[in-house]
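First up is the structure itself, then whatever we jot down about it.
The values are calculated or read from the model by the stated rules, or taken from the named source; none is laboratory data. Since the structure is predicted, the reported quantities are computational estimates derived from the model, not experimental observations. FYI the Cβ positions are ideal-geometry reconstructions off the backbone, even for glycines, and counts take in every protein chain you see. Ligands, DNA and RNA are excluded from the accessible area calculation, which covers all protein heavy atoms including side chains. Shrake-Rupley method; radii C 1.70, N 1.55, O 1.52, S 1.80 Å.
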Amino acid sequence: MTAILAVAQRGEAILTLKAAPVAESELDSAWLNQLSNAMYATMMQRNGVGIAAPQVYISKRIIIVASRANPRYPDAPDMDAVVMVNPEITQMSDATCIGEEGCLSVPDARGEVVRAETISVKYLSLAGESKHATYHGFVARIIQHEVDHLDGILFVDRL
Ligand code: K1U
Ligand code: ZN
């Protein structure tokens with residue numbers, strides 16, 4: 001059975017740290033797959049559209065992105081969850097957009113955050129394959145929010 005993990009809350013030091021890269025020796029490992037499964041289950045249980053490893057007390061550079069249409073973003077794409085290991089945003093559009101964000105680590109707050117409209121991101125899959133993709137709109141917003149978690153930044157720091 002997949003574990004549901006505790007979610008760190010605003011004010012806890014783990015959320016302010018710069019997370020460490022996942023080492024090559026950790027790729028394609030049982031530990032990384034189990035962590036990813038537990039992060040996914042925790043995100044789903046909390047109705048999230050993303051999650052970052054520091055939110056479950058693991059200070060490593062791993063995020064999951066799982067956009068779905070919702071009342072705030074009715075046109076958001078329904079996507080299969082993507083696990084990104086060591087994600088790096090390689091390009092950000094000058095064009096920005098403003099949109100509402102929430103956070104599993106700040107459950108009592110919502111806020112309007114300015115983000116790049118389009119980003120390119122390179123990352124590794126759980127198996128260690130190199131990937132590079134471009135995202136727009138709500139999906140780009142989720143990725144920027146999750147990469148911020150890896151750098152110790154919360155959306156409330158951007159209000
Ligand atoms: O990282 C997190 O704390 C998850 C967060 C992701 C996120 C939501 C909205 C904008 C950017 C990033 C959430 O999933 S918050 C809860 C939620 O499901 C939600 C909130 C606002 C709009 C859509 C969904
Ligand atoms: Zn968050």
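Data for the structure
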item: Hz values of 3J(HN,Hα) by residue in region 52-59 - Karplus curve (6.51, -1.76, 1.60), Gly and Pro given as x; result: 10, 4, x, 5, 10, 6, 10, 8
item: In Å², nearest 10: area of THR90 left accessible to a 1.4 Å probe; result: 60 Å²
item: Heavy atoms of HIS132 accessible to a 1.4 Å probe, total area in Å² rounded to 10; result: 130 Å²
item: The chain: antiparallel DSSP beta bridges as a percent of all, rounded to 5; result: 95 percent
item: Per-q log10 I(q)/I(0), the chain, q = 0.11, 0.18 Å⁻¹ (Debye; single scatterer per alpha-carbon; no solvent); result: -0.39, -1.13
item: Percentage relative contact order, region 6-159, counting C-alpha pairs under 8 Å, at least six apart; result: 26 percent
item: Calculated from backbone phi, Karplus (6.51, -1.76, 1.60) coupling profile of region 32-41 in Hz, x at Gly/Pro; result: 5, 5, 5, 4, 4, 4, 5, 4, 4, 5
item: Portion, in percent, of the accessible area of region 13-158 that falls on carbon or sulfur, probe 1.4 Å; result: 50 percent
item: Solvent-accessible surface ranking, highest first, for ARG46, ARG61, ARG141 at 1.4 angstrom; result: ARG46, ARG61, ARG141
item: Choice from ALA52, ALA140, ALA95 showing the highest fluctuation, given a GNM over the chain with Cα pairs closer than 10 Å; result: ALA95
item: Amide hydrogen neighbours beyond the local backbone of LYS60, cut-off 5 Å, H modeled; result: ALA20
item: Student exercise, the chain dipole from Lys, Arg, Asp, Glu Cβ charges, in Debye to nearest 20; result: 200 debye
item: Rounded accessible area per residue of region 56-103, 1.4 Å, Å²; result: 53 Å²
item: Solvent exposure, largest accessible area first (probe 1.4 Å, DNA, RNA and ligands not counted), of ILE58, ILE119; result: ILE58, ILE119
item: Per-residue [θ]222 nm for the chain (sum of -39500 (n - 2.57) over DSSP H runs n ≥ 4, rounded to 500); result: -6000 deg cm²/dmol
item: Accessible area in the full protein assembly, largest first, 1.4 Å probe, for MET92, MET1, MET79, MET39; result: MET1, MET92, MET79, MET39
item: Region 49-126: translational diffusion in µm²/s, Stokes-Einstein, Kirkwood Rh over Cα pairs, 4 °C, 1.567 mPa s; result: 92 µm²/s
item: Interchain or long-range residues, amide H under 5 Å from ILE51's placed H; result: ILE64
item: From phi via Karplus (6.51, -1.76, 1.60), per-residue ³J(HN,Hα) for region 7-23 in Hz, x at Gly/Pro; result: 10, 5, 10, 2, x, 8, 4, 4, 7, 9, 8, 7, 6, 7, x, 6, 6
